[in-house]
1. List the number of the failed condition for residue 187; all other conditions in (1) assigned to a helix (DSSP H, G or I); (2) touching a residue at least 24 places away in the same chain (Cβ under 8 Å); (3) within 27 Å of residue 113 (Cβ to Cβ) hold.
2. Identify, from the list 42, 108, the residue that is surrounded by fewer than 17 Cβ atoms within 10 Å (Cβ to Cβ) and either part of a helix (DSSP H, G or I) or touching a residue at least 24 places away in the same chain (Cβ under 8 Å) (or both).
3. Exactly one condition in (1) in a helix (DSSP H, G or I); (2) more than 22 Å from the chain's Cα centre (by Cα) is not met by residue 195; state its number.
4. If you go through region 237-257 one residue at a time, do you hit one that is within 30 Å of residue 209 (Cβ to Cβ), part of a helix (DSSP H, G or I) and modelled with pLDDT under 80?
5. Please work out if residue 4 is loosely packed, with under 12 Cβ neighbours inside 10 Å and under 17 Å from residue 136 (Cβ atoms).
6. Could you check, for region 122-142, whether at least one of its residues is within 22 Å of the chain's Cα centre (by Cα), modelled with pLDDT under 90, within 21 Å of residue 79 (Cα to Cα) and not in a helix (DSSP H, G or I)?
7. Can you report the number of residues in region 51-69 which are in contact with a helix residue (DSSP H, G or I) (Cβ under 7 Å, 6 or more places away or on another chain) and part of a helix (DSSP H, G or I)?
């Protein structure tokens, strides 16, 4: 094992990743102790996310173009890389607006610190989960092969209604329509620079439904391949990463709904009036999350294909009657 491979196995070790998550938690607890985040503290948080996020994306993308005898692994790598890319751009937009003074309040004045701390920890957790998943993806990428090649231009037909619905929901045109509808929805409700409780509720519930339904589907898929350890671990890693983003969305909208309900019930609430750029960033966050979920739906399509075309590793093959045989599991 050369130094590069040794470094990869060390960085993808679960114990190392747990330590990184712990450091992120302690860091945010320390910088928020006085309920004031200085510019250098914000810079350290942002730069650390930039470095981790873009290194993860670079590795995933490089593996997606690496030749392999199991082509579906390239698509899985590419799907995860695009999901990471969306979150990287979201982080860039957030810290860019924060550092230039364009973004003031996201949730509410007294609860912003809690929300910002949780977001940082969750994003570090997501990146660590993807890093850990890369270990199993690499094993499949290098050790598995596809024995039967698909005919170019041949379209697969659904065998039943369930499969037809899945193919329709994971089609690129369907996902493009969902993204376009999300953009149009946020443009319409943000015209007057005021987002009401019911508008926020519709936005939040739509994300909760998509996110947790997709998480449940991935968990069910991982159970189908429970005797195929590498693929199972890869699917579980993607599901856990999705779960982290789902928790982030729930926590954000939970705080927003609590604040809006407090106003409706006649509570004191906050006196701060959201600025146009604050509303703009809320719209960007919603669209980015929808885009992330749509890319994960597309990724699920490739995971199903991997499950159906799963081939046992070449190292497990053996000779029988002078021939090398490979078996599907």
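The values are calculated or read from the model by the stated rules, or taken from the named source; none is laboratory data. Source: prediction; values computed, not measured. Note that we place each Cβ from the backbone using ideal geometry, even for glycine, and neighbour counts take in every protein chain shown.
1. If we test residue 187 against (1) assigned to a helix (DSSP H, G or I); (2) touching a residue at least 24 places away in the same chain (Cβ under 8 Å); (3) within 27 Å of residue 113 (Cβ to Cβ), just (3) comes out false.
2. Going through 42, 108 in turn, just one is surrounded by fewer than 17 Cβ atoms within 10 Å (Cβ to Cβ) and either part of a helix (DSSP H, G or I) or touching a residue at least 24 places away in the same chain (Cβ under 8 Å) (or both): 42.
3. In the conditions (1) in a helix (DSSP H, G or I); (2) more than 22 Å from the chain's Cα centre (by Cα), residue 195 misses (1) alone.
4. So far as region 237-257 goes, no, none of its residues is within 30 Å of residue 209 (Cβ to Cβ), part of a helix (DSSP H, G or I) and modelled with pLDDT under 80.
5. No; evaluated as a whole, the condition is false for this residue.
6. Within region 122-142, none of the residues are within 22 Å of the chain's Cα centre (by Cα), modelled with pLDDT under 90, within 21 Å of residue 79 (Cα to Cα) and not in a helix (DSSP H, G or I).
7. Qualifying residue count for the region: 10.
Residues checked against (1) surrounded by fewer than 17 Cβ atoms within 10 Å (Cβ to Cβ); (2) within 27 Å of residue 283 (Cα to Cα); (3) modelled with pLDDT of 90 or more; (4) in contact with a strand residue (DSSP E or B) (Cβ under 6 Å, 6 or more places away or on another chain):
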{"site": "51", "(1), (2), (3), (4)": "yes, yes, yes, no"}
{"site": "57", "(1), (2), (3), (4)": "no, yes, yes, no"}
{"site": "70", "(1), (2), (3), (4)": "no, no, no, no"}
{"site": "74", "(1), (2), (3), (4)": "no, no, no, no"}
{"site": "83", "(1), (2), (3), (4)": "no, yes, yes, no"}
{"site": "89", "(1), (2), (3), (4)": "yes, yes, yes, no"}
{"site": "96", "(1), (2), (3), (4)": "yes, yes, yes, no"}
{"site": "99", "(1), (2), (3), (4)": "yes, yes, yes, no"}
